[in-house]
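Structure record follows, encoded as structure tokens.
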């Protein structure tokens, strides 16, 4: 089941950008691998997934909502989070909502499959593969801290990843040690 494996190396690498004690939203959280990891770092974690079995497993690690965010209302309307984490999930219609859910001073950590992956495995449908530069376009208005788009091996896959931050209340990027 998705979410039982180790936390993403991308999330681990950039978790230091999340302000201490932040609220974190893990979108399509599965069984909660990032909820466990980020909760252990002292963050207040919330997850959302449409799979009731995954939600039941993830609830041991934080607050989790079972919701179909592709066909139903966004369960966090009007809320913002100090960090929004998305891995192995793409629903293009939701990208603007995810970006707007990042609070001032907050960070978006996003990683999913990219065009080219159809040549090495699944997912292979274009609906589930980011096009070149798509995350950069979706996060206009945030400051890109890190971005990758390409092929990696073991396992063979094409991925696109971004870490982007929203300016704080002063209009500046307040704390982002690299």
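Restricting segment 112-139 to residues that are part of a helix (DSSP H, G or I) and at pLDDT below 90 leaves a set whose member that is farthest from residue 82 (Cα to Cα) is 119. Restricting 40, 31, 60 to those that are surrounded by 21 or more Cβ atoms within 10 Å (Cβ to Cβ), farther than 14 Å from residue 98 by Cα and without any contact (Cβ under 8 Å) to a residue 60 or more places away in the chain reduces the list to 31. With respect to residue 55, is the statement that it is without any contact (Cβ under 8 Å) to a residue 40 or more places away in the chain and either under 14 Å from the mean Cα position of the chain (by Cα) or over 20 Å from residue 99 (Cα atoms) (or both) true? Judged against the criteria, residue 55 is a match. Total residues in segment 12-52 satisfying the condition of being in contact with a strand residue (DSSP E or B) (Cβ under 8 Å, 6 or more places away or on another chain) and in a loop (DSSP other than H, G, I, E, B): the figure is 11. What about residue 24, is it within 13 Å of the chain's Cα centre (by Cα) and either free of Cβ contacts under 8 Å to residues at least 40 places away in the same chain or closer than 28 Å to residue 149 by Cβ (or both)? When the stated conditions are applied, residue 24 passes them. Does residue 93 satisfy the condition of being buried (at least 18 other Cβ atoms within 10 Å of the Cβ), more than 12 Å from the chain's Cα centre (by Cα) and farther than 14 Å from residue 17 by Cβ? Spelling it out, it is not the case that residue 93 is buried (at least 18 other Cβ atoms within 10 Å of the Cβ), more than 12 Å from the chain's Cα centre (by Cα) and farther than 14 Å from residue 17 by Cβ. What number of residues in segment 103-131 are within 19 Å of residue 70 (Cα to Cα) and in contact (Cβ under 8 Å) with a residue 24 or more places away in the chain? Adding up the residues that qualify gives 8.
The number of residues in segment 140-171 being in contact with a strand residue (DSSP E or B) (Cβ under 7 Å, 6 or more places away or on another chain), surrounded by 11 or more Cβ atoms within 10 Å (Cβ to Cβ) and not in a strand (DSSP E or B) comes to 3.
The values are calculated or read from the model by the stated rules, or taken from the named source; none is laboratory data. On a predicted model such as this, the values are computed, not experimentally measured, just so you know. A quick note on method: Cβ atoms are made from the backbone with ideal geometry, for glycine too, and the neighbour counts reach across all protein chains shown.
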